[in-house]
1. Tally up the residues in region 212-248 that are among the β-branched types (Val, Ile, Thr) and either surrounded by fewer than 21 Cβ atoms within 10 Å (Cβ to Cβ) or in a helix (DSSP H, G or I) (or both), please.
2. Mind listing whichever residues of region 65-86 are in contact (Cβ under 8 Å) with a residue 24 or more places away in the chain, surrounded by fewer than 22 Cβ atoms within 10 Å (Cβ to Cβ) and acidic (Asp, Glu)?
3. Mind checking which residues of region 100-126 are aliphatic (A, V, I, L, M), surrounded by fewer than 24 Cβ atoms within 10 Å (Cβ to Cβ) and touching a residue at least 12 places away in the same chain (Cβ under 8 Å)?
4. Check VAL251 against each of (1) touching a residue at least 12 places away in the same chain (Cβ under 8 Å); (2) surrounded by fewer than 20 Cβ atoms within 10 Å (Cβ to Cβ) and name the one condition it does not meet.
5. Scan region 150-197 for residues that are polar (S, T, N, Q), at pLDDT 95 or above and assigned to a helix (DSSP H, G or I) and jot them down.
6. Just to verify a result, which residue in region 163-206, among those that are charged (D, E, K, R) and in contact with an Asp or Glu (Cβ under 7 Å, 6 or more places away or on another chain), is surrounded by the fewest Cβ atoms within 10 Å (Cβ to Cβ)?
7. Based on this model, can you work out whether ASP130 counts as closer than 27 Å to SER219 by Cβ, of a type in the set (Asp, Glu) and not assigned by TED's automatic domain parsing to the domain that holds ASP212?
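The values are calculated or read from the model by the stated rules, or taken from the named source; none is laboratory data. The model shown is predicted, which means the values in this text are computed figures rather than measured ones. A quick note on method: Cβ atoms are made from the backbone with ideal geometry, for glycine too, and the neighbour counts reach across all protein chains shown.
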Amino acid sequence: MVRSSWKGALGVGAILVLAACTSGSSTSPGASQPAGGSASTAASPVATVPDAELAFPGKLVVCIDIPYPPQEMFDDQGNPTGADPDIAAEIATRLGLQIQVENSVFDTIIAAVTGGKCDIIISAQNITADRLEQVNMIPYFKAGQAFVVAKGNPEGISEPLDLCGQSVAAESGTTEVDYVRGTGDYEGKGLNKQCTDGGKPEVDMQEFQKDDQALLALSSGQVVAYFADSPIAGFYAAEQPDQFELSGVTVEIANEGISVPKTKKGLAEGVLAALKSMADDGTYVEILTKYGLEDGAVDVSEMEITKK
């Protein structure tokens, strides 16, 4: 059930962090799943993608790292649902294609799309310089990041430096990990550098292959905080209020993008046309609103193919 309190975590904003990542899984990584129903049925395709740019003619295979609710999760029947699968299904419909979701591991999700395992990625991936070296990206959502702590915040985490010397869990390959370690776009300016510059020990960054494993590390007492995108952090705090709460450490908002291989110009243009048509007729915001994520909508003017 969607809860309006998720929205409060979307606008979190202030420690030099760009939004990021995604995921975890309750099925084996890489398992193909049918996507949840799309929000509408297009009368005719808004664009045509050359068969040569698709893994399988007539299909749009989308890599998504599940679960990362409410952006991606499984329903009671084990089918992908959430804002990202619904957006993916609607894009496929508007391109005259059948949707297929490939449940992926976030740390290797770009290798999956560039290696032809899927056609595109829609998986709460924030747009970074490192990722733009490998793929082109189309902005479709915006989010911040936040830390989830145990109910009552027993360690008193209220600012970034409170995490120095503490254990924190996050999913491998994410901007959360880059921010703490000072890697990727945060080389030389991560939280660990802030800690050591202040004469404090570094954060003990615990990385997990799937996001739900990182959350489990918090619930089991292995770490003092779980670090994720703000909609996901807000989701868990709202869904399990007797166990979790948001820490009060907030981060700035940035765009997430749909990733497309650099060699597939027709596919990128088709996805962009489908996304813009969804924005124009209201379907895009309708999907986000279904999951309480409308505050993360990007303006149609931001929906452009971003390259490096």
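1. The total comes to 1.
2. Passing the criteria: only ASP75.
3. VAL105, ILE110, ALA112 - these are the residues of region 100-126 that are aliphatic (A, V, I, L, M), surrounded by fewer than 24 Cβ atoms within 10 Å (Cβ to Cβ) and touching a residue at least 12 places away in the same chain (Cβ under 8 Å).
4. Every listed condition holds for VAL251 apart from (2).
5. Answer for region 150-197, where residues must be polar (S, T, N, Q), at pLDDT 95 or above and assigned to a helix (DSSP H, G or I): ASN192, GLN194, THR196.
6. Step by step, filter region 163-206, then rank; the result is ASP185.
7. no
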